[in-house]
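I have placed the structure first, in the form of structure tokens, so that the comments after it can refer back to it.
The values are calculated or read from the model by the stated rules, or taken from the named source; none is laboratory data. Worth saying up front: this structure is predicted, and the values here are computed from it rather than measured. Every residue, glycine among them, receives a Cβ derived from its backbone with ideal geometry; neighbour counts consider all protein chains shown. Note: accessible area is taken over every heavy atom of the protein model, side chains too, but ligands, DNA and RNA are not part of it. Shrake-Rupley method; radii C 1.70, N 1.55, O 1.52, S 1.80 Å.
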Amino acid sequence: MSIVTERTETKAPTTYQEWLDCFETMKHNPVSGNGVFDAVASGSFTGTEITIGAMQNQVVETVNAILDKSVKRFIKELNESISFNDLSQIDVLFRHLKRDIEKSLFFENLFFLPKTFRTELSQSVKTQMQKFWNDTVKFLYEQSLEFSNSELEDVLFLINRIHLFKS
């Protein structure tokens, strides 16, 4: 007995409604394995000043939803790892968070959006996420000192080799 699975690929959005559909998918589905991010990267849009403004609002809302979902998952899994003293996968959690943050910057190459909007939103995301990253690493470092945990120190060495953003 064989199982046939249908694979549907998301096409690059061009209309406002197609963009809204993509944004909804991005907000509510996992970031990894989500083909919508690839489709959006090659999307286009031409519209009036009003629709471009509405599109900007949707982009901000989508970016916030993606990051909120990713950070919540990261914190939950980090807390579970610490609670069960299973520190071996913490660096993987940081790598997944980095990937999600990179995906949340999908708007940087949407050249139909105003450059100032893309630049300001990108800087805001990067600043906030770098602070969250640094604060989390600092917390783990303090935990490693407080509890003299050499395994956590080893994990921190691996985490410190991950650069969230290229300099």
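Ignoring ligands, DNA and RNA, how do Thr136, Thr25, Thr116, Thr46 rank by accessible area with a 1.4 Å probe, largest first?
Of Thr136, Thr25, Thr116, Thr46, the descending order of accessible area is Thr46, Thr116, Thr25, Thr136.
Test of understanding: given the chain, find the longest segment containing no trypsin sites (Lys or Arg not before Pro) that are in a DSSP loop and have at most 14 other Cβ atoms within 10 Å.
That gives 12-160 as the longest site-free run.
Calculate for the chain the 222 nm mean residue ellipticity that helices alone would give, adding -39,500 (n - 2.57) per DSSP H run of length 4 or more and normalising by residue count, nearest 500 deg cm²/dmol.
Taken over the chain, the calculation gives -23000 deg cm²/dmol.
So what is the relative contact order for the chain, in percent, with contacts set as C-alpha pairs under 8 Å and at least six apart?
Computed over the chain, the figure is 21 percent.
Which whole-number value in Å² is the accessible area per residue of the stretch 1-139, probe 1.4 Å?
60 Å²
Ile52: net charge of surrounding residues, Cβ under 13 Å, Lys/Arg +1, Asp/Glu -1, itself excluded?
Once positives and negatives cancel, what remains is +1.
Mind listing the phi-derived Karplus ³J(HN,Hα) values for the stretch 64-80, rounded to whole Hz, using 6.51, -1.76 and 1.60 with θ = phi - 60°, and x for any glycine or proline?
Couplings: 4, 5, 4, 5, 4, 5, 5, 5, 4, 4, 4, 4, 4, 5, 5, 4, 5 Hz.
Set the bar at 25 Å for Cα to Cα. Now go through Lys27/Lys76; Lys27/Lys131; Lys11/Lys126; Lys27/Lys98; Lys69/Lys98; Lys115/Lys138 and name every pair that lies beyond it.
As for pairs spanning more than 25 Å Cα to Cα, those are Lys11/Lys126; Lys115/Lys138.
Can you check what the net charge comes to around Tyr141, using other residues whose Cβ is under 13 Å from the Cβ of Tyr141 (Lys, Arg +1; Asp, Glu -1)?
Here the charged neighbours net out to -4.
Please report the carbon-and-sulfur percent of the accessible area for the stretch 25-104; probe 1.4 Å, protein heavy atoms only, DNA, RNA and ligands left out.
52 percent
Under 10 Å, Cα contacts only: if you run a Gaussian network model on the chain, which one of Phe139, Phe37, Phe107 comes out with the highest mean-square fluctuation?
Highest fluctuation of the listed residues: Phe139.
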